[in-house]
Amino acid sequence: MKNKLILVSSDQLGKGDKELGEGVLETFFTLLKQREELPSAIFCMNRGVYTLTEESFVSVHIKELEGKGVNVFACKTCVDYYDVEGKIITGKISGMGHFIELAEKYEVLTIS
């Protein structure tokens, strides 16, 4: 996972049942945070910004990853669109320009 940027574009992993997708995404981040080698950054866009809010069980795991040195960002346009700025409990609000800079530097792994 070293030198990877994880792009989270949804609040669930995969298509289909919402509850199942949320659970699978939580499992992904639960296992990821237990690894010795962590990604360099996580960038959340579209409905992925919900994973950084108090409403998502995933936010606890992402917050732990941030505590271990993983940079966490939320797309400002998406945060504004979904009106969740006051609900975000981890990460920093950033722009798409910053995502492009990160994508130039790291290999992008998309979670959707």
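No value in this document is a laboratory result; all are computed from the given coordinates. From a predicted model like this one, the values you see are computed outputs, not experimental measurements. When we count neighbours, we look across all protein chains shown, and the Cβ atoms used for this are built from the backbone with ideal geometry, even at glycine.
From the list 22, 66, 37, which residue is farther than 28 Å from residue 100 by Cβ and of a type in the set (Asp, Glu)? Walk me through it before giving the result.
Working: 66 fails: farther than 28 Å from residue 100 by Cβ; 37 fails: farther than 28 Å from residue 100 by Cβ.
Going through 22, 66, 37 in turn, just one is farther than 28 Å from residue 100 by Cβ and of a type in the set (Asp, Glu): 22.
Among the listed residues 63, 76, 87, 33, which satisfies the condition of being among the basic types (Lys, Arg), in contact with a Gly (Cβ under 7 Å, 6 or more places away or on another chain) and surrounded by 15 or more Cβ atoms within 10 Å (Cβ to Cβ)? Outline the logic, then answer.
Details: 63 fails: in contact with a Gly (Cβ under 7 Å, 6 or more places away or on another chain); 87 fails: in contact with a Gly (Cβ under 7 Å, 6 or more places away or on another chain); 33 fails: in contact with a Gly (Cβ under 7 Å, 6 or more places away or on another chain).
Residue meeting the stated conditions: 76.
Being out of contact with any Ser or Thr (no Cβ under 8 Å at 6 or more places or on another chain) and either without any contact (Cβ under 8 Å) to a residue 24 or more places away in the chain or within 13 Å of residue 48 (Cβ to Cβ) (or both) is the filter here; which residues of the stretch 19-28 pass it?
Residues of the stretch 19-28 that are out of contact with any Ser or Thr (no Cβ under 8 Å at 6 or more places or on another chain), as a first pass: 19-20, 23-24, 26-28.
Residues satisfying the conditions are 19, 20, 23, 24, 27, 28.
Can you confirm whether residue 48 is surrounded by fewer than 22 Cβ atoms within 10 Å (Cβ to Cβ) and not aliphatic (A, V, I, L, M)? Outline the logic, then answer.
Details: surrounded by fewer than 22 Cβ atoms within 10 Å (Cβ to Cβ): no; not aliphatic (A, V, I, L, M): yes.
Taking the combined requirement at face value, the residue does not satisfy it.
Against the definition (farther than 14 Å from residue 6 by Cβ, free of Cβ contacts under 8 Å to residues at least 60 places away in the same chain and not in a helix (DSSP H, G or I)), how does residue 93 come out, yes or no? Talk me through it step by step, then tell me what you get.
Values: farther than 14 Å from residue 6 by Cβ: yes; free of Cβ contacts under 8 Å to residues at least 60 places away in the same chain: yes; not in a helix (DSSP H, G or I): yes.
Answer is yes for this residue.
Tell me, yes or no, whether the stretch 51-58 has at least one residue that is surrounded by fewer than 19 Cβ atoms within 10 Å (Cβ to Cβ), of a type in the set (A, V, I, L, M, F, W, C) and either in contact with a Phe, Trp or Tyr (Cβ under 7 Å, 6 or more places away or on another chain) or under 21 Å from residue 104 (Cα atoms) (or both).
Residues of the stretch 51-58 surrounded by fewer than 19 Cβ atoms within 10 Å (Cβ to Cβ): 54-55, 57.
Filter again for of a type in the set (A, V, I, L, M, F, W, C), leaving 57.
Then keep just the ones that are either in contact with a Phe, Trp or Tyr (Cβ under 7 Å, 6 or more places away or on another chain) or under 21 Å from residue 104 (Cα atoms) (or both); that gives none.
No, the stretch 51-58 contains no residue that is surrounded by fewer than 19 Cβ atoms within 10 Å (Cβ to Cβ), of a type in the set (A, V, I, L, M, F, W, C) and either in contact with a Phe, Trp or Tyr (Cβ under 7 Å, 6 or more places away or on another chain) or under 21 Å from residue 104 (Cα atoms) (or both).
Which of (1) in contact (Cβ under 8 Å) with a residue 60 or more places away in the chain; (2) over 22 Å from residue 20 (Cβ atoms) is the odd one out, the single condition residue 83 does not satisfy?
The single condition residue 83 does not satisfy is (1).
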